[in-house]
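Below is the structure I would like to discuss, written out as structure tokens.
The values are calculated or read from the model by the stated rules, or taken from the named source; none is laboratory data. Being a predicted model, the structure only gives us computed values, none of them experimental. Cβ: placed from backbone, ideal geometry, glycine included. Neighbour counts: every protein chain shown.
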Amino acid sequence: MQYQLPPVWTKLYRHAVFPEFSHDERARYNFLANLNRFISTVIAPGNQIAFQNRVKPAFEKEKGRTFANRHEVAEAMSKDPVYQSWAALRRCTMEMRQQNGRAVVMRQAKELADKVKQYAGDNLILKKNFKVPEYLRHVDNHLMPGSYHTSYFEGDVSNAANYDSGLFVTSGGMLGSLTDGGGKAIAKWVKEYYPDFRPKKILDIGCGLGHNTLPLAEAFPDAEVIGIDAGEPMLRYGAARANALGVKNVKFIQMDAEDMSEFEDETFDWVQTTMFLHETGGKAIHKIMKEIGRVLKKGGLCLHIEQPQYTPDMSYYEQFMRDWDAYYNAEPYWGHMHDLQPEDLMAECGIPKERFMQIGVKAVNDLDTQKKDDKITEDYGRTPIWNVFGGWK
Ligand SMILES: C[S@@+](CC[C@H](N)C(=O)[O-])C[C@H]1O[C@@H](n2cnc3c(N)ncnc32)[C@H](O)[C@@H]1O
């Protein structure tokens, strides 16, 4: 088996509000990105071998039947030493990634807040008495202390800066130099497949710091793009980052997606979410779907980039492996969200089954040298296909 290295962390584009890194801090991120890649490509396949050769036969012998769902697979695999080792390594890498990023941004929190102030503009609306949704408030999503919404002082952006610099480690550099590969891919796909579509208003829900919002604004410069999110530091940092990168047709608004009543009915030509739905609570996701259906124009486009849903054609073993985040990565809504069937979710926002679509969108990664050179000298990772579902209302 050929082991392929991720790109070096220094290939990330350091825009004007990006945190500063010392030699050792960069080295730590590089070590962790490599460890992550090693665990996911060299160690992880051992789980399948343990399952096939040991865990499944033992379960079937004991019960006289095979697995009935992924939870039974999880229960049986949790006792296996290969799974235990892989899961523990993966968890430790995530904790180390969060702690490295956190140490970096905390030591320069004031300087970061000042840089963000310098790039502040009129593209940000924060709400004084904003209530972070209950389901978000108590979760340190993917082990990020304080998650997306915690500010440690007025104007603080440290959690957003941690997210911006560290996602590279978790994704093994597959998201490109601005961590915007998802947004770039979907914008490219929409332009290619629907060349006559000229959206005037685009909404990105759960936009975070705008990694995947800015590519929409850049691809459709005549459109007004609005990103909404519950996390104040993300929005504050995101608005300054957009200004630093010179993207002008985008605005960041603090809003709970469960109640978008400040937008009138049928406001948007396109509603997009990227890696958002799996972080929404069990009841919230249905409220959000209803709100999307309300604010999306008739004939408008709705697309969601997500990890694949657990459909009946996915094996219980694959469902179980994909469910790791729900158990060990502080993603408490992950399992529930992935159990929902995408056609049903889209029906909730007014997209009938005959107009439902599920597609694989080829990733865009400007750090991937494979495409430029037939003889691969450096491979910056698998070329992922983004799983996207949605449709036209
Ligand atoms: C995994 S992040 C994805 C960020 C961004 N879409 C991206 O691709 O980088 C999920 C985001 O959803 C936001 N979020 C979760 N529930 C929300 C809600 N009810 N209303 C607004 N934002 C929400 C979180 O604050 C977080 O920034």
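Which one of these is more than 12 Å from the ligand (Cβ to nearest atom), surrounded by 21 or more Cβ atoms within 10 Å (Cβ to Cβ) and under 22 Å from the mean Cα position of the chain (by Cα): Ala187, Ala219?
That would be Ala187, the only listed residue that is more than 12 Å from the ligand (Cβ to nearest atom), surrounded by 21 or more Cβ atoms within 10 Å (Cβ to Cβ) and under 22 Å from the mean Cα position of the chain (by Cα).
Tell me, yes or no, whether the stretch 244-264 has at least one residue that is assigned by TED's automatic domain parsing to the domain that holds Gly206, within 13 Å of the ligand (Cβ to nearest atom) and within 12 Å of Ala160 (Cα to Cα).
no
Tell me the residue from Gln118, Gln98 that is assigned by TED's automatic domain parsing to the domain that holds Arg14 and touching a Leu at 6+ places or on another chain (Cβ under 9 Å), please.
Details: Gln118 fails: touching a Leu at 6+ places or on another chain (Cβ under 9 Å).
That would be Gln98, the only listed residue that is assigned by TED's automatic domain parsing to the domain that holds Arg14 and touching a Leu at 6+ places or on another chain (Cβ under 9 Å).
Looking at the stretch 298-328 only, could you name the residues that are part of a loop (DSSP other than H, G, I, E, B) and either crowded, with 17+ Cβ neighbours inside 10 Å or basic (Lys, Arg) (or both)?
Hits for the stretch 298-328 are Glu306, Gln309, Tyr310, Asp323.
Would you check if Leu235 is aliphatic (A, V, I, L, M), more than 20 Å from Asp156 (Cβ to Cβ) and more than 8 Å from the ligand (Cβ to nearest atom)?
Answer is no for this residue.
Could you figure out which of (1) more than 20 Å from Asn34 (Cα to Cα); (2) outside any loop (DSSP other than H, G, I, E, B); (3) out of contact with any Lys or Arg (no Cβ under 9 Å at 6 or more places or on another chain) isn't true of Val132?
(2)
Might you check whether a residue that is more than 22 Å from the chain's Cα centre (by Cα) and outside any helix (DSSP H, G or I) occurs anywhere in the stretch 166-173?
Checked against the condition, which is being more than 22 Å from the chain's Cα centre (by Cα) and outside any helix (DSSP H, G or I), the stretch 166-173 yields no hits at all.
What are the pairs with Cβ atoms under 8 angstrom where one residue, in the stretch 266-293, is outside the structural domain of Trp189 (by TED's automatic domain parsing) and under 20 Å from Gln307 (Cα atoms) and the other, located anywhere, is more than 8 Å from the ligand (Cβ to nearest atom) and not basic (Lys, Arg)? Sequence gap at least six, or different chains.
none
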